[in-house]
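The structure under discussion appears below in the form of structure tokens.
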Amino acid sequence: LSRDDYRDYSGSIKLNSDISRDLKLQITGTMGKNYNVPINQSDLQFDNPNWGINANPTGDWSPTNYMRTPYQIAEMTNEERAARIFTESWYSHAEVSHLSLAAKLTNFVNPTTFYEVSLEYVNRNYLTGPLKERDYTKRYEVVPGYFVDEAPFGFYEGQETGVSGMFFGGHSGQIRDSSDLSSYNFKADLTSQVTKEHLIKTGIQFAYYDLNLDYGALEKAYDFYNYTKETQNPFRLSLYVQDKIEMLGFIANLGVRMDYSDANTSWVDVGTYDPSYYGSEYSESEDYPTKDAEADISFSPRLGISHPVTENSKLYFNFGHFKQMPEYEEIFRQGRSSNGSMQNEGNPGLVQAKTVAYQLGYDHVLFNDYLFQVAAFYNDITDIEAKQQVTSELSNIGYFRTTNNAYEDIRGFELTFRKNSGRWIKGFANFAP
């Protein structure tokens with residue numbers, strides 16, 4: 001790839017068909033490819049709010065951390081080693097291809113009832129690695145009678161220095177990624193105005209994933225290795241039902257949602273400090289004891305109430321439990337070093353983070369065109385994904401394990417002023433301390 005190749009190529013198509021007056025089919029598709037520069041694992045210490053060489057290194061690794069902005073590029077090169085600035089092989093190059101296909105069918109059963117059914121396929125394919133290997137042929141005559149190869153250009157894994165100590169090899173192109181990730185999603189929703197006061201909505205969603213993980217960091221010159229290679233097929237199921245009640249200006253939304261998440265895998269069942277599995281004694285041919293990962297199932301209630309106070313004002317209250325899936329990378333990955341010892345361990349027992357949210361607000365319309373809103377909120381978030389460092393000097397073990405040990409407690413208020421209509425001026429202003 002040349003420097004001119006770092007841009008996005010994508011396209012999409014959308015087809016709509018009215019099969020009949022009450023039956024509609026929509027088909028969409030997108031595809032494309034973008035080109036990126038991933039940051040070496042050893043350089044992640046420079047990619048954070050603390051500027052440049054005084055930044056603190058991160059304890060964990062983000063394998064798909066790309067340089068995307070001029071600010072990030074400035075952070076990386078602020079370290080100022082000549083090899084970082086004047087050679088093209090310090091970082092790997094990455095191609096990320098994406099393809100999505102979707103179809104949605106909408107059918108009006110009668111004037112008060114309709115359903116929607118959709119299918120979606122999404123694929124992302126990664127091709128990440130160093131530039132082509134250096135041509136070692138000494139064909140360039142820099143001074144009469146003296147020939148050199150194309151260094152510092154081209155990729156070279158060995159340790160070599162050149163002019164003024166500049167790196168001609170070694171710390172270059174650490175990141176590798178040949179992962180292929182696909183998801184299949186089925187969704188069906190039914191909406192019916194059962195009576196004048198009750199609008200019932202219910203639905204089901206099923207998602208299946210085909211994750212071929214093949215990524216890591218590699219630097220042979222310094223015997224650095226942290227790699228994950230495995231195939232996993234987790235799936236998720238969600239069900240919900242909701243009743244929207246309207247009467248005398250009063251509106252209430254009552255509902256409940258069920259989320260079921262299954263890692264669909266077995267996991268090695270050994271002690272936290274077992275040197276035969278976590279240390280350099282690890283062997284792929286060893287028959288370790290395993291156990292099936294437990295599925296995570298949860299029920300989330302939802303409640304929303306809106307009550308008019310005057311003709312131009314209302315009070316509202318919202319309450320609900322909301323779930324957020326952890327990243328599958330953190331569930332499944334097992335990054336090991338060149339000697340087999342564990343570096344980063346996922347956790348198929350991770351549960352979904354839970355947010356219990358409360359909101360109380362007041363809306364008031366002014367002069368027919370302006371809306372003033374004030375709201376107070378409180379969010380209690382538990383089971384957030386976190387990293388736990390495990391070390392044992394006795395067994396020479398040290399790795400990071402993913403857990404649900406983090407939490408957040410957020411509270412505050414916000415003021416909003418809106419002008420939703422007007423010939424010349426429309427918009428809003430929001431303040432949330």
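The values are calculated or read from the model by the stated rules, or taken from the named source; none is laboratory data. For clarity, every value in this text was computed on a predicted model and none was experimentally measured. All Cβ positions, glycine included, derive from the backbone under ideal geometry; neighbour counts span all protein chains shown. Note: areas computed on protein heavy atoms with side chains; ligands, DNA, RNA excluded. Shrake-Rupley method; radii C 1.70, N 1.55, O 1.52, S 1.80 Å.
Remarks
- Stokes-Einstein translational diffusion, the stretch 130-288 - Kirkwood Rh over all Cα pairs, 1.002 mPa s, 20 °C, in µm²/s: 95 µm²/s
- Mean separation of Cα pairs under 8 Å and 6 or more residues apart, divided by the residue count, gives the stretch 327-406 a relative contact order of 29 percent.
- Solvent-accessible area per residue for the stretch 226-333 (1.4 angstrom probe, square angstrom): 56 Å²
- Over the chain, dividing the summed -39,500 (n - 2.57) contributions of all DSSP H runs of at least 4 residues by the number of residues returns a 222 nm mean residue ellipticity of -1000 deg cm²/dmol.
- Residues with amide H under 5 Å from that of Gly279, placed H, sequence gap 5 or more: Met342
- Of the residues Ala188, Asn16, Asn78, the one whose Cα sits farthest towards the positive end of the charge dipole of the chain is Asn16 (charges of +1 on Lys and Arg Cβ, -1 on Asp and Glu Cβ, taken about the Cα centre).
- Net charge of neighbours whose Cβ lies under 15 Å from the Cβ of Leu218, counting Lys and Arg as +1 and Asp and Glu as -1: -3
- Relative contact order (%) - criterion: Cα under 8 Å, at least six apart; region: the stretch 295-433: 19 percent
- Choice from Lys291, Lys33, Lys387 with maximal GNM fluctuation in the chain (Cα, 10 Å cutoff): Lys291
- Highest average packing first - 303-316, 234-247, 411-424, Cβ atoms within 10 Å: 234-247, 303-316, 411-424
- Each Lys or Arg adds one and each Asp or Glu takes one away; over the other residues whose Cβ falls under 14 Å from the Cβ of Ala376, this sums to -1.
- Long-range tail of P(r) for the chain (Cα pairs > 42 Å, %): 34 percent
- Centre separation in Å (Cα based) which lies between the stretch 206-221 and the stretch 390-433: 28 Å
- Amide H contacts of Leu131: His93, each under 5 Å away and 5 or more positions distant or on a separate chain (H built 1.01 Å from N in the peptide plane; Pro and chain starts excluded).
- Within the listed set Asp369, Asp292, Asp409, the residue fluctuating most in the Gaussian network model of the chain (springs between alpha-carbon atoms under 10 angstrom) is Asp369.
- Charging the Cβ of each Asp and Glu at -1 and of each Lys and Arg at +1, and nothing else, the dipole of the chain about its Cα centre rounds to 2000 debye.
- Pairs from the list Lys196/Lys419; Lys291/Lys387; Lys244/Lys314 with a Cα-Cα gap above 26 Å: Lys196/Lys419.
- What the phi angles of the stretch 196-208 give under the Karplus curve with 6.51, -1.76 and 1.60, with θ = phi - 60°, is a coupling list of 4, 9, 10, 10, 9, 10, 9, x, 9, 9, 10, 10, 10 Hz, glycine and proline written as x.
- Solvent-accessible area, 1.4 Å probe, carbon plus sulfur percent, for the chain: 54 percent
- Residue of Tyr115, Tyr146, Tyr328 that the Gaussian network model of the chain assigns the largest fluctuation, springs spanning Cα pairs under 10 Å: Tyr146
- Selection of trypsin sites (Lys or Arg not before Pro), the stretch 116-198, meeting DSSP coil and at most 14 other Cβ within 10 Å: Lys132, Lys138, Arg139, Lys196
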